[in-house]
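A.B. asks: One structure follows; several queries about it will come next.
The values are calculated or read from the model by the stated rules, or taken from the named source; none is laboratory data. All values reported here derive from a predicted model rather than from experimental measurement. Note that each Cβ is placed from the backbone with ideal geometry, even for glycine, and that neighbours are counted across all protein chains shown.
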Amino acid sequence: MPPESTRAPRPAGTPADPPGGSAPAWGGPALGPGASSTWRVKLQAAGPWLGLVLLCIAGTLLNGDFATWDNAMNVLTRTAFIGIIAVGMCFVIISGGIDLSVGSMAALLAGSMILLMNGIAAQVGSPLLTVAIGIVFALVLGAVFGLVHGLLVTKGRIEPFIVTLGTLGIFRAYLTYLANGGAITLDGKLSDVYSPVYYGSLLGVPFPIWVFAAVAAVGALILNRTGYGRYVQAIGSNEQVARYAAVNVDRIKVLTYMLLGVCVGIATVLYVPRLGSASPTTGLLWELEAIAAVIVGGTALKGGEGRITGTVVGAVLLSVISNILNLTSIISVYLNAAVQGVVIIIVAFLQRGRR
Amino acid sequence: MSLHVDFAAVTKDFGAVRVLHDVSFELAPGRVYGLLGENGAGKSTLMKILAGYEPPSEGELRIDGTARRFASSRDAERDGIVLIHQEFNLAEDLSIAQNIFLGHERRRGWLLDDASMREASRQALRQVGLQADPDTRVRELIVAEKQLVEIAKALSRRARLLIMDEPTATLTPAETERLFALISQLKADGVTIVYISHKLDEVERITDEVVVMRDGRFVTRAPTAGLSRQQMANLMVGRELSDMFPPRLPPAPDAKPLLKVQGLTVPGWAADVGFEVRAGEILGFAGLVGAGRTEMFEGLLGLRPRSAGRIELNGRELRLRSPREAARHGLTYLSEDRKGKGLHVRLSLRDNLTLMDLDRHLHPLLDPKSEDEALRQAVADFGIRTRDLGSRAAALSGGNQQKLAIAKVLQPQPQVVVLDEPTRGVDVGAKRDIYFLIQRLAGQGRGVVVISSELIELIGLCHRVAVMRAGVLQTTLSAEQLSEEELIAHATGVH
């Protein structure tokens, strides 16, 4: 008998399958009949919201400053970077992939963007136009990085974990090289023009929050209401089935990495005016925070199902934790990551039955 | 050695759903029992209770007269009861010997005693007639060999009662013969065999008695010798099945060829295959497992590389590189591997149904109402039985999953549809529904290709049957020429 095709390894069998082919119509307790399973799904969708509400109640009780408009805006503005990246990450994870490089990518995008703007400012003349060119450049470069990831994963047939582990190192090393180990700083004149992008506000709401909300809304629309979004879910749920069902799997996967690249670009564009510089520590560990937000939001790391709203709530929830630790003295701020880690593990524990 | 099993009013509930109702019967030692029933009849659940995978909700299981409640399959194995899964439970990257002793490793002090396990494995392999080195990795075996490894594994556990679930689904006739010889040898040694199969000819041949279940209830236990296949089928379904197949309506005499394939070569699988399907025609593809039928069609669709071949659809030559292009040109394919390639079992019915034809529901965003309408339509048209339109595909029975999968590949309104093993793992009632559905598709003027390992199905349904052996199309038989003997002769090359 000729060998199996090497195109894609065939899964040895779905783990949840009952051993017999003549399984009962209802499969088993894990896949209970309609009513109770939708109830379960609803509860799981509500999980992150429930956690956020409980945290907010706790925060309000612990410190009167927590439930103020200023603090809320502060928390949401800080969440914007990770949140925007998490929206893109949500697509990649649902499609069954992962991207570990986003933090390094943000750093390199920030550095390249600043160097470009500093470099062309004299020729272009108008600082406004310079900043605009810089912004477009960051978004395009993010998409290009995503394209490279996507092509290596699909045409190169390398695990996304490996590909992005490689580029994680490459991106950050290159930024460090460009910055010569120090920081790349934006010219003062450009900085003045650019700073409202981070510090400005509209109707009392800081600009980054508007962008975050817009990215999340567009992300949710794409995921739930376009053919592309449906294909992303189908590929993550079972890539082979999607391929046999006439889905252009490679193209869709490449697009998810490009979408994430653009999201990283948007986050960078918001981040640069905040400090006006990029250094080897820019965006450090953002990849883990973004992945954590997606997972806390109820998306399965193995792909197939996930929600943008959950991801947004997950990102907010994680920054509310650090905010509460900052405002209160019950637990040391130094233990911030530990508390977040506990939350992630609890969420994973609550979702473990969903296989 | 012998083992007496007694099910006493065994009842099983999954949540609010009762899947077994007061099942009571006995299994005497050293006999071969055929366990018959449609999908969803409760056979698997009952056998899982016997083999320790599930506890009964009520009632009890008595082994040699004493009530037992197995905590796990290991517990049952200790009593000599082993279930051989239809979908294998083998660790692909471990060797045959490591698999055979998985969880029961022999040790010498702190270390594993590989030499002794290898020797014991060699013996077990000899017993099942598999000529392979115990150090071979399971991944390198073909499906039929894996089946034999599963049996060798069971034997090495000193099984006194062996449950085999569709063991011959992947075996060639020669391998099936060897399995049957092994079964009679085991029977002579006093081992009880419970044999689950949809192939009634096998049940008729090798079992002493049949136990029939229907809708979670025990129906009857009777000596095999006193029953005809027809009677067995009737007992399983609970009604007459004289009209399994729809009347064969010949395609119009002037029907034009829709799909024309010439010189198709898929390296390693198929060489120089040519055939054509006319409008309104059902063309069957017969052959043994591994004859290259599935792979030939995968090559045709661009799922595998092909080195040569001319494909003409509706008079236009096409260079198909992906199933997407094929679907756009009016050719769709349903895989034989329902869970692995055919259906997203974790996604909803709606998402599954519309996946191949999403463009129709983009206005310009996806319109859930239009998708739901398509689902309601498909449920009515294809007779999909479900309690809840919002459920996942996994919640459907095998037969209804298959109907959903067929509905899915028909959504793009293909002119030619290729159905690979359309009734695999499907109960008798659903089979009949699917046969009538296929006839209806042909009646609508589509070309239908049916790849099947069930000869009766090909004979009952097709206008012509192409027979493949070792990647080569041997012959194409017309309806008048079709017989089991003729098909087997061409498929095995003894013609």
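A.B. asks: Is it true that some residue in segment B:345-358 is free of Cβ contacts under 8 Å to residues at least 12 places away in the same chain, within 10 Å of chain A (Cβ to nearest Cβ) and over 26 Å from the mean Cα position of the chain (by Cα)?
C.D. replies: yes
A.B. asks: Might you check whether a residue that is under 30 Å from B:His344 (Cβ atoms), touching a Gly at 6+ places or on another chain (Cβ under 7 Å) and modelled with pLDDT of 95 or more occurs anywhere in segment A:266-289?
C.D. replies: Checking segment A:266-289: not a single residue is under 30 Å from B:His344 (Cβ atoms), touching a Gly at 6+ places or on another chain (Cβ under 7 Å) and modelled with pLDDT of 95 or more.
A.B. asks: Can you pull out the helices (runs of 4 or more DSSP H) entirely within segment A:202-250 that have at least 3 residues that are within 12 Å of another protein chain (Cβ to nearest Cβ) and more than 30 Å from A:Arg274 (Cβ to Cβ)?
C.D. replies: A:227-237, A:239-244
A.B. asks: Quick one: would you say B:Asp64 is away from every other protein chain (no Cβ under 12 Å), of a type in the set (Asp, Glu) and touching a Ser or Thr at 6+ places or on another chain (Cβ under 7 Å)?
C.D. replies: no
A.B. asks: Do we have any residue at all in segment A:122-131 that's at pLDDT 95 or above and not hydrophobic (A, V, I, L, M, F, W, C)?
C.D. replies: no
Per-residue answers, yes or no, for (1) within 19 Å of B:Val23 (Cα to Cα); (2) free of Cβ contacts under 8 Å to residues at least 40 places away in the same chain:
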position: B:Leu46; (1), (2): yes, no
position: B:Arg69; (1), (2): yes, yes
position: B:Ile84; (1), (2): no, no
position: B:Ile100; (1), (2): no, no
position: B:Leu112; (1), (2): no, yes
position: B:Glu119; (1), (2): no, yes
position: B:Gln131; (1), (2): no, yes
position: B:Ala144; (1), (2): no, no
position: B:Gln147; (1), (2): no, no
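A.B. asks: Those residues that are among the basic types (Lys, Arg) and either within 23 Å of B:Leu441 (Cα to Cα) or crowded, with 23+ Cβ neighbours inside 10 Å (or both), I need them from segment B:355-407; list them, please.
C.D. replies: B:Arg360, B:Arg376, B:Arg385, B:Lys403
A.B. asks: Next up: Among (1) touching a residue at least 12 places away in the same chain (Cβ under 8 Å); (2) under 21 Å from A:Trp286 (Cβ atoms), there is one condition A:Ile162 misses while meeting the rest; what is its number?
C.D. replies: Every listed condition holds for A:Ile162 apart from (1).
A.B. asks: Can you work out which of the residues in segment B:316-367 that are among the hydroxyl-bearing types (Ser, Thr, Tyr) and in contact with a Gly (Cβ under 7 Å, 6 or more places away or on another chain) is nearest to B:Gly383 (Cα to Cα)?
C.D. replies: Only one residue tops the list, namely B:Ser348.
A.B. asks: Here is a further query. For B:Ala327, indicate whether it is within 11 Å of another protein chain (Cβ to nearest Cβ), more than 30 Å from B:Glu486 (Cα to Cα) and either without any contact (Cβ under 8 Å) to a residue 12 or more places away in the chain or not aromatic (Phe, Trp, Tyr) (or both).
C.D. replies: Considered against the rule, which asks whether it is within 11 Å of another protein chain (Cβ to nearest Cβ), more than 30 Å from B:Glu486 (Cα to Cα) and either without any contact (Cβ under 8 Å) to a residue 12 or more places away in the chain or not aromatic (Phe, Trp, Tyr) (or both), B:Ala327 comes out as yes.
A.B. asks: I need the full set of residues from segment A:167-189 which are part of a helix (DSSP H, G or I) and not polar (S, T, N, Q), in order please.
C.D. replies: A:Leu168, A:Gly169, A:Ile170, A:Phe171, A:Arg172, A:Ala173, A:Tyr174, A:Leu175, A:Tyr177, A:Leu178, A:Gly188, A:Lys189
A.B. asks: Let me ask you something else. Can you confirm whether B:Ile151 is closer than 28 Å to B:Ala41 by Cα and part of a helix (DSSP H, G or I)?
C.D. replies: yes
A.B. asks: Still on this structure, I have one more. Which one of the conditions (1) touching a strand residue (DSSP E or B) at 6+ places or on another chain (Cβ under 9 Å); (2) in contact (Cβ under 8 Å) with a residue 60 or more places away in the chain; (3) farther than 15 Å from B:Val82 by Cβ does B:Thr220 fail to meet, given that it meets all the rest?
C.D. replies: (2)
A.B. asks: Tell me, yes or no, whether segment B:51-59 has at least one residue that is surrounded by fewer than 20 Cβ atoms within 10 Å (Cβ to Cβ), among the charged types (D, E, K, R), in the same structural domain as B:Ala28 (by TED's automatic domain parsing) and modelled with pLDDT of 90 or more.
C.D. replies: Yes, segment B:51-59 contains at least one residue that is surrounded by fewer than 20 Cβ atoms within 10 Å (Cβ to Cβ), among the charged types (D, E, K, R), in the same structural domain as B:Ala28 (by TED's automatic domain parsing) and modelled with pLDDT of 90 or more.
A.B. asks: Here's another thing I want to ask about it. Give the residues of segment B:78-101 that are more than 14 Å from chain A (Cβ to nearest Cβ), closer than 18 Å to B:Val128 by Cβ and outside any strand (DSSP E or B), sorted by residue number.
C.D. replies: B:Gly80, B:Ile96, B:Ala97, B:Gln98, B:Ile100, B:Phe101
A.B. asks: Something else now. Cβ-Cβ under 9 Å, sequence separation 6+ or interchain: first residue in segment B:271-291 and free of Cβ contacts under 8 Å to residues at least 24 places away in the same chain, partner of a type outside the set (A, V, I, L, M, F, W, C). Which pairs?
C.D. replies: Between residues of segment B:271-291 that are free of Cβ contacts under 8 Å to residues at least 24 places away in the same chain and residues that are of a type outside the set (A, V, I, L, M, F, W, C), the close pairs are B:Glu276/B:Pro257; B:Glu276/B:Lys260; B:Glu276/B:Gln262; B:Glu276/B:Glu312; B:Glu276/B:Gly447.
A.B. asks: Exactly one condition in (1) touching a residue at least 24 places away in the same chain (Cβ under 8 Å); (2) under 17 Å from A:Val247 (Cα atoms) is not met by B:Leu389; state its number.
C.D. replies: So B:Leu389 meets the others, but not (2).
A.B. asks: Separate question: May I ask you to say which residue of A:Ala315, A:Ala348, A:Ala337 is crowded, with 16+ Cβ neighbours inside 10 Å and either part of a helix (DSSP H, G or I) or in contact (Cβ under 8 Å) with a residue 24 or more places away in the chain (or both)?
C.D. replies: Matching residue, one of A:Ala315, A:Ala348, A:Ala337: A:Ala315.
A.B. asks: A further question on this structure: Restricting attention to segment B:201-220, which residues are within 29 Å of B:Ala9 (Cβ to Cβ) and not in a loop (DSSP other than H, G, I, E, B)?
C.D. replies: Of everything in segment B:201-220, those that are within 29 Å of B:Ala9 (Cβ to Cβ) and not in a loop (DSSP other than H, G, I, E, B) turn out to be B:Val203, B:Glu209, B:Val210, B:Val211, B:Val212, B:Met213, B:Arg214, B:Arg217, B:Phe218, B:Val219, B:Thr220.
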